Amino acid sequence: MNKLSKKHAPEPRDWKSTSATATATATDDLSPWHARGLTAGLAPGADRRAVSRRHWLQQAVTSAALGWAAAFSAPLARANAGGAGSSFYANFRGMHLLNQEGRRFDPAVLVGRTVLANFVFTGCSTVCPVQIAALAELQRQLPPAVRPRVRLLSVSLDPLGDTPQALKAYAVRMGVDLSGWSFVTGRPEDIERVSDALRLFRPGPEVRRPDDHATGLWLIDRNGQLRLRYDGNPPDVKRLLREIPALDELTRRAGA
């Protein structure tokens, strides 16, 4: 396998994204908590019209109650309306995943934390190391009171090349604090399944895996609900430093 990554192809602004449980649009770098892209993870058969009505009602209520945090209200209502079956982590259900220590890893254990996830591979020489370095800086700059409640999750798209040992060596080399960050690999069929579910690769015979993967960042709340997919090439660290603590505070206030 050629592990030297070529330049990632640019992602079109209207590129659609899906979850394993439902299909919805998810455009990179939206205004904070815009409704598009927030239904990825809804339970099968969830009534999106009802979710939309609740979205606007919750927006009005939260605008009055929280003022500055009003922009965050829409996805909170929308995601919670899907129930337990709408968790973003359902995309990984039934997979045999290992973390950088070689231990079995279930993403569902991240419920209760605000999570920023991405998809990378250690042989990438372009976007991935830049992204990881930016997120390591984000991790260092998070307010001390918030940092223990935030986790980062990096899922390898090269399961044959990225062993747990390779992932740990990569994380150490990149200056990552592994007390708050998990690097995960799995069986090829599992990684292919989650890649297809989230549309991490465009269809077509010309696409090279893992080189041509999507570079978005996925922000997941304490209930396991997907809130937004950011443009990750490169990450907007200043924006993330504003919005991750704000989401954490909002969901804590809401009793999430």
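Tabulated results
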| item | result |
| --- | --- |
| Unique match (being closer than 21 Å to residue 107 by Cβ and under 13 Å from the mean Cα position of the chain (by Cα)) among 157, 167, 152 | 152 |
| Whichever residue in the stretch 247-256 is touching a residue at least 12 places away in the same chain (Cβ under 8 Å) and either over 12 Å from residue 219 (Cα atoms) or among the hydroxyl-bearing types (Ser, Thr, Tyr) (or both) and, among such residues, is most open to solvent (accessible area, probe 1.4 Å) | 253 |
| Complete set of residues in the stretch 181-200 that are under 25 Å from residue 138 (Cβ atoms), part of a helix (DSSP H, G or I) and in contact with a helix residue (DSSP H, G or I) (Cβ under 8 Å, 6 or more places away or on another chain) | 194 |
| Index of the failed condition, residue 170 passing every other in (1) under 17 Å from residue 114 (Cβ atoms); (2) assigned to a helix (DSSP H, G or I) | (1) |
| Selected residue (criterion: modelled with the highest pLDDT) from residues of the stretch 154-167 that are in a loop (DSSP other than H, G, I, E, B) and surrounded by fewer than 18 Cβ atoms within 10 Å (Cβ to Cβ) | 163 |
| Filtered residues of the stretch 177-198 (kept if hydroxyl-bearing (Ser, Thr, Tyr) and modelled with pLDDT of 95 or more) | 179, 182, 185 |
| Qualifying positions in the stretch 122-149 - of a type in the set (Gly, Ala, Ser) and closer than 25 Å to residue 210 by Cα | 123, 125, 133, 134, 136 |
| From 148, 203, 144, 234, residue being part of a helix (DSSP H, G or I) and exposed (fewer than 14 other Cβ atoms within 10 Å of the Cβ) | 148 |
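The values are calculated or read from the model by the stated rules, or taken from the named source; none is laboratory data. Predicted, not measured: the structure shown is a model, and the values here were computed from it. Positions of Cβ are backbone-derived with ideal geometry, glycine not excepted, and every protein chain shown enters the neighbour counts. Accessible surface areas use protein heavy atoms only, side chains included; no ligands, DNA or RNA. Shrake-Rupley method; radii C 1.70, N 1.55, O 1.52, S 1.80 Å.
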